[in-house]
């Protein structure tokens, strides 16, 4: 099965994480980058999760825990509990991820990159997680080497769109600007003005 990379704003969305160990911790840490409202439910919750400032309910999962949530992550080591949560969520059309059980997942966690204005999820659809991790690490290194490019392009995006009417010409200017960023040329207002003028004069 190939998974569609569906990007969605989860800020302030209610997310339930069932499980309080290291696996749950990794999921919570990934999610917190995007500012949802997370509740962790488990009989035992590790200190690392407690320090993250999420809501804590220290008891076993009960069915009403899924009321009014956006999605659930089942990260327990109990297959019966995981299966029950998956069944409940499926019946109520709630997205659910069951850790290490792809057959009980409505969505999966990709190898995630989120830095320098770029967010990317990489998955091999379960075929080779180690290769997805390798690609993620390569992409992280690329972004580290070009940390300021996203902000530079964003800085001039609105101006270029407003001053160049033709979409094809705008694309050319953005590509030229990107090439200059990658070659470490100094980008300033005068250079961008020149690129815009050249694009408009070509028509």
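Brief remarks on what is shown
- Grouping the Cα pair distances of segment 118-177 into 10 Å bins from zero gives a pair-distance distribution of 19, 32, 25, 20, 3 percent in increasing distance order.
- Calculated diffusion of segment 149-201, Stokes-Einstein form, Kirkwood radius summed over Cα pairs, 4 °C and 1.567 mPa s, µm²/s: 119 µm²/s
- Sorting 11-21, 30-40, 176-186, 190-200 by their mean Cβ neighbour count within 10 Å, with the most densely packed peptide first, gives 11-21, 30-40, 190-200, 176-186.
- In summary, the convex hull built on the alpha carbon positions of segment 1-56 has an orientation-averaged projected area of 4.5 nm².
- Projected label distance in nm at residue 115 and residue 162, using a 7 Å step from Cα toward the beta-carbon: 3.4 nm
- Beta bridges from DSSP with both residues in the chain: antiparallel share about 25 percent, rounded to the nearest 5.
- Inverse mean reciprocal Cα-Cα distance (Kirkwood Rh) of the chain, Å: 19.9 Å
- Alpha-carbon centroids, segment 92-124 and segment 127-203: separation in whole Å: 28 Å
- Convex hull volume of the Cα atoms of segment 3-94, normalised per residue: 105 Å³.
- Between the beta carbons of residue 131 and residue 22, assuming R0 = 25 Å, the FRET efficiency works out to 0.60 to the nearest 0.05.
- Sum of -39500 (n - 2.57) over DSSP H runs of 4+, divided by residues of the chain (222 nm, nearest 500): -14000 deg cm²/dmol
No value in this document is a laboratory result; all are computed from the given coordinates. For clarity, every value in this text was computed on a predicted model and none was experimentally measured. Note that each Cβ is placed from the backbone with ideal geometry, even for glycine, and that neighbours are counted across all protein chains shown.
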